[in-house]
Amino acid sequence: MASIEGVINWFKAREGKVTYSMTNRMGPNSYDCSSSVYFALMEAGFLPSGTAVGNTDSLYRLEGSVLQSIGRGEVRKGDLFVSGVKGGSGGSGGSGGHTGVFLDNQTIIHCTLAPAYGKNGIVTTPAQGWMGDYSGLPVYYYRLKNSTPTPPPVPTSKFKVGQKVHFSNSATKWHGGNSINYDDMMRGYNVSKINNDGSLYIRTLDDAWGGNVLEKDLMLFRSNTISSNEVVKLSAAASHWAKEM
C-alpha cells in the first residue's frame, strides 16, 4: 500500500540539496512545486512510475482517484495543499498555482523560490503565507487515498495508571496563568490516563477533579522506586499545569 511517509521522505531527502527551476523541473538537481509533488507521489506508490509530470491544474484532476478533498481544519501530516484557480492554475507557463505537503497542521514542505526570504528549493516553512494564500489564490486541501496512515505516537511514562500523585507548594500556576490553591496542591491524586504528549491526567482520590501534569514535573513522594499506587508530587521546578487535552 502507498505510504505518506514515502512522500515526506522523498522531500526530506532533498531538502536544502536542490534548487527551484521551472525550466529544469525534472530533477535530479532542480524541481518546481508541482514536479516535486509528482515525483514524490510516484516514489511513494500513489502514482505509477513514469506518470507524466503535470502542474497544479493536473493535480486538481486527480480528485476522486488519488486525492480526497478535506477541510482546512482536518489537515494532518501527509496531506497536500494545491492553490490556484481550478482550470487556470496551469497558465502563465505553469506558474498560476502552488502545491506542497503538510508535515503537521501548521507546517509544510515544498519546493519554492523566495529570494527575499532566502528560500530556493525544497524547504520547510509555516503553512500560513506560503501556500499561495499570500497572493490571494484559493487553497484546496487533500488527503491521499488508500494510504497507510502514520501511526500515532505510543505514550511512554515511568508512571502508570492508578498511581497516586499530590501537589507540593512549588506548583503555583495552571496552564494559562490561573493560580493553583493550597487545597489543590496538598490533595492526593491518582494517575488515570497517560496522554500522547507525555502529560499525565490525574484525578482526586474521591474522583472530584481532573487535569493534566507533565511527567518531568513529578517526583516520588515516599520512595526512590515507582510501583503501582505510589504517591508522587510535583518537583520544585514545577510551576504550571499541562494543557488539558
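The values are calculated or read from the model by the stated rules, or taken from the named source; none is laboratory data. Computed from a predicted structure; not experimentally measured. Note: ideal-geometry Cβ built from the backbone for every residue, glycine included; neighbour counts use all protein chains shown.
Of note:
- Residues of region 1-22 satisfying the condition of being among the hydroxyl-bearing types (Ser, Thr, Tyr) and touching an Asp or Glu at 6+ places or on another chain (Cβ under 9 Å): Tyr20, Ser21
- Total residues in region 26-38 satisfying the condition of being within 26 Å of Gly64 (Cβ to Cβ) and either out of contact with any strand residue (DSSP E or B) (no Cβ under 7 Å at 6 or more places or on another chain) or of a type in the set (D, E, K, R) (or both): the figure is 2.
- Consider region 126-168 and keep the residues that are at positive phi and at pLDDT 80 or above. The one that is surrounded by the fewest Cβ atoms within 10 Å (Cβ to Cβ) is Gly136.
- Residues in region 11-36 that are out of contact with any helix residue (DSSP H, G or I) (no Cβ under 7 Å at 6 or more places or on another chain) and free of Cβ contacts under 8 Å to residues at least 60 places away in the same chain: Ala13, Ser21, Thr23, Asn24, Pro28, Asn29.
- All positions within region 37-70 that are touching a Phe, Trp or Tyr at 6+ places or on another chain (Cβ under 7 Å) and in contact (Cβ under 8 Å) with a residue 40 or more places away in the chain: Ala40, Ala44, Val66, Leu67, Gln68, Ser69, Ile70
- Elements of type helices (runs of 4 or more DSSP H) in region 1-95, at least 1 residues being at pLDDT 95 or above and surrounded by 19 or more Cβ atoms within 10 Å (Cβ to Cβ): 4-14, 33-43, 56-60
- Failed item, numbered, when Lys86 is tested on (1) over 22 Å from the mean Cα position of the chain (by Cα); (2) within 27 Å of Lys17 (Cβ to Cβ): (2)
- Residue within region 7-22 that is closer than 21 Å to Gly132 by Cα, touching a His at 6+ places or on another chain (Cβ under 7 Å) and in the same structural domain as Asp104 (by TED's automatic domain parsing) present: no
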